[in-house]
1. Of everything in segment 294-318, what is more than 12 Å from Met339 (Cβ to Cβ) and in a strand (DSSP E or B)? Give them in sequence order.
2. Report every pair of residues separated by at least 6 positions or lying on different chains whose Cβ atoms are under 6 Å apart, first residue within segment 170-192 and in a helix (DSSP H, G or I), second of a type in the set (D, E, K, R) and surrounded by fewer than 24 Cβ atoms within 10 Å (Cβ to Cβ).
3. Given (1) in contact (Cβ under 8 Å) with a residue 40 or more places away in the chain; (2) among the acidic types (Asp, Glu); (3) within 21 Å of Leu15 (Cβ to Cβ), identify the lone condition not met by Glu286.
4. Give the residues of segment 54-75 that are in contact with a helix residue (DSSP H, G or I) (Cβ under 7 Å, 6 or more places away or on another chain), assigned to a helix (DSSP H, G or I) and closer than 17 Å to Asp22 by Cα, sorted by residue number.
5. So which residues in segment 39-95 are farther than 25 Å from Tyr226 by Cβ and small (Gly, Ala, Ser)?
6. Kindly list the number of the only condition in (1) more than 21 Å from the chain's Cα centre (by Cα); (2) surrounded by fewer than 21 Cβ atoms within 10 Å (Cβ to Cβ); (3) not aliphatic (A, V, I, L, M) that fails for Glu41.
7. Looking at Ile396, Ile387, can you tell me which residue is under 33 Å from the mean Cα position of the chain (by Cα), modelled with pLDDT under 80 and assigned to a helix (DSSP H, G or I)?
8. So the check is Cβ under 7 Å with 6+ separation or different chains; which pairs have a first residue in segment 263-282 that's within 17 Å of Cys75 (Cβ to Cβ) and a second one that's loosely packed, with under 12 Cβ neighbours inside 10 Å and of a type outside the set (S, T, N, Q)?
Amino acid sequence: MRILHTSDWHLGHRLYGRNRYDEFAAYLNWLVDYIAEQEIELLLVAGDIFDTTTPGNRALELYYRFLHRISNSPCRAVVIIAGNHDSPTLLEAPKDLLKQFDVHVTGTPATEPRDQVVYIPGLQGDDLLVCAVPFLRDRDIRLAGAGESQEEKAARMEKEIERHYQQVYAAAMEIREERGKPLPVIGMGHLFMTGAKTVDGDGVRDVYVGGLQQTFGGRFPEGMTYFALGHLHLAQRVGGGETIRYSGAPLPMGFNEARKAKVMLQVECDREKLQVHEVPVPAFRELHILKGELPELLLEIAQLKEQGSTAWLEIRHQGVMEAGALRQQLYDAVDDSDMSLLRIRTSLHLKTALAQEYEAQSLDDLSVDEVFERCLQSVDLGDDERIELRDCFQEILSSMHMQDRRSE
C-alpha cells in the first residue's frame, strides 16, 4: 500500500501578526494534486492540524474543503489524530459523518483500545491496521501518588504513555488474529521523543502534563511496521532507524526554519518489505533573514528588489545605530517593492551584552505562552497552583480566539 505521512499543518498560524492563509491553501492544493498523481492510498496526518484549539472560520474552511477534495481522489482513506494544539472535541465533532467518507479521526483516547485501531482495506488485498493514538493530555494520564518527587512523577508518566501504546497494539494484534491475516500494523502518535531535534523559534510548544514537561524516552511496541510521529517541525528519524519517523511541518513556522528542507514521507508497505522516501515540499512563500550592518542590508534589499522578490524579511542588524533611524531607512528601502519587513533585530552594544547573561529579547521574540511561562517562573508557586493558573490562562486565550473567530 502506498502511504503518505504528514503532520503539523498548523492551519491559522500567524507569523508576527501576518496571516498565512494563502500559503496554507497553496500547500493543501499541492497536496491534493500530489496524492492524485502518485495514487496515494492512505494519508496519515499526525496531529496539530490547527494552530489553536479555537481556529478561525478560514482555517476550518481550508480543512473541510481539503477533506472534501480528498474524498474524490484515489486516496482510499485518511487517518487524523489530534495534536497538543488541537481541540479534540472540535476534531471529533463530525467524526461519524467523516467516517462515511473513509476519514477516521481520533481526538481523544477511546475507552476500549481496539476503538483506536483503524482497519484499512487495500486494493490488492494488502490491507493494514493503523493504531491511531492522539496527544495524551492530563485527563488521559492520571498521575496519582502522594509525596512523589518530580522525577518519580516523570517516570510514572512515561510508563503510562508506554502502557497506552502497548494496549492499543495488543488490540491490533487481536484484530489481526480475528481476520486471519499477517496484516502490517502502522502506529501514529503526537509527542516529543527524548533526544529529538528542534529549531529555535520553530513554534514547538513545551508540553506539560501534570506540571511536568512531557517527553517520551520509552519504547514503542516492537512489532510496529512503521511509526508516523507528529509534534516536531524538523523531519527526522528516531533512534537512527527507518521505521520511526517525524515528517516535520510542511511550512516553516518561523524564519529559523526557512532554510530547512520541508518534506513529507512516502511509505511503500507490503507484507515483505517497507520503503520510506522523502517527498520535498515546495516553498510557497520566501522567508529571508538578512544579516549585517546597514549598508550591507540595503544592498541585499536592493538586489532582492531587482529580482522581483515578494519575500517576507527578518533583519538582524549587527552594527550600532539609533533604533528609530535604522527602522526608517529599512522601511524606506522596501517601501516601493512587493517585499514585507516583518521584524528588525539589533545587536546589543558590546558592554551591554557582556553585562547580561543572555541576549536581550523583546516581546516580539517570545510567544504568548513563553511570556506566561516566564511570569510563572518569576514567582514562588506550588505545582498545583501552576497547573490551575495554566488552565485559567488557556481558557482566557480560548475566549480571545473565539472573539477573533466571530469577527472574521
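The values are calculated or read from the model by the stated rules, or taken from the named source; none is laboratory data. No experiment lies behind these values; they were computed from the predicted model shown. Quick reminder, even Gly has a Cβ in these numbers, built from the backbone with ideal geometry, and neighbours come from all protein chains shown.
1. Those that are more than 12 Å from Met339 (Cβ to Cβ) and in a strand (DSSP E or B): Arg316, His317.
2. Qualifying pairs under 6 Å: Ala171/Arg114.
3. Tallying (1) in contact (Cβ under 8 Å) with a residue 40 or more places away in the chain; (2) among the acidic types (Asp, Glu); (3) within 21 Å of Leu15 (Cβ to Cβ), Glu286 fails exactly one: (1).
4. Asn57, Arg58, Leu62, Phe66
5. Selection gives Gly56, Ala59, Ser87, Ala93.
6. Condition not satisfied by Glu41: (2).
7. Sole residue among the options that is under 33 Å from the mean Cα position of the chain (by Cα), modelled with pLDDT under 80 and assigned to a helix (DSSP H, G or I): Ile387.
8. Gln266/His277
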